[in-house]
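What follows is a single structure, written as structure tokens, with notes after it.
Values in this text are rule-based calculations from the coordinates and carry no lab data. Because the structure is a prediction, the values reported are computed rather than measured.
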Amino acid sequence: MGRHIHIEFLAQPSTQAPLICTIDHSPTWMDPILQFLQNQTLPANPAEVRRVRHRSARYLVINGSLYKRGFSLPYLRCLTPEEGHYVLREIHEGICGNHSGARSLAHKAIRQGYFWPSLHTDAQAFTQKCDKCQRFANIPQLPAEPLTAMVSPWPFAQWGLDLIRPMPEGKGQVKYAVVAVDYFTKWAEGRGPGHYHRGSHRIFCLAKHRMSLRHPQLHRHRQWPSI
């Protein structure tokens, strides 16, 4: 019995022929627009129909790929969120990456000719999770809490006076207390007059004013312990 060997001549090596396989075919945000532009297929929901018609006016299909029209930019290639994440990673930390901020990263992706609806949100999330950006970024000089208005610009610039009502009579027949509090340092000064009258506050303020460091000639350059 004879033995036959079949020989087939190929025009090119089979090991070098390109092979394209489908990796993922999950629904994307581009599917309704592509179906409408290519096949005039619309969703069953009337609200979605109006939405797809309105959005499709800003897109076009070139060689089976979806592109977005721009006012002052060339056509932008539309990507899925997974493809957009790869583009952001290459621009942010690739060979020519400079670890720019979220807004700059998003504009760089647009200038490179790419677009997807969540571009700015994804750029913000990507930069916040970058390990090198967190380690070597400039230390922010912002306060740990919101800024509050200051009542007094510097210490001892503004005082508040308060009168404490009649108390049990103490040493020297003291019944009242006049207290002055600095708004900045919360420094308190008190005086206990035996009888309160209209001039008590004035006498108290005059005494403290005469001991002020702004007028050393009044107290002969003495350092008063109450200042």
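Amide hydrogen proximity for Ala177: with H placed 1.01 Å from N in the peptide plane, the residues at 5 or more positions away or on another chain lying under 5 Å are Ile164. Identify all lysines with a Cα-Cα distance to Lys108 below 17 Å; exclude those on the same chain that are fewer than 8 residues away in sequence. Filter leaves Lys68.
Taking 22 Å as the straight-line reach from the Cα of Lys175, the lysines in range (excluding those fewer than 8 positions away in the same chain) are Lys208. Rounded to the nearest Hz, the phi-derived 3J(HN,Hα) couplings of segment 182-190 under the Karplus curve 6.51 cos²θ - 1.76 cosθ + 1.60 (θ = phi - 60°) are 6, 5, 7, 9, 6, 6, 10, 10, x, where x marks glycine and proline. Backbone phi angles across segment 33-44, fed through the Karplus curve with coefficients 6.51, -1.76 and 1.60 (θ = phi - 60°), yield HN-Hα couplings of 5, 5, 5, 6, 6, 8, 10, 6, 8, 10, x, 7 Hz in residue order; Gly and Pro are listed as x.
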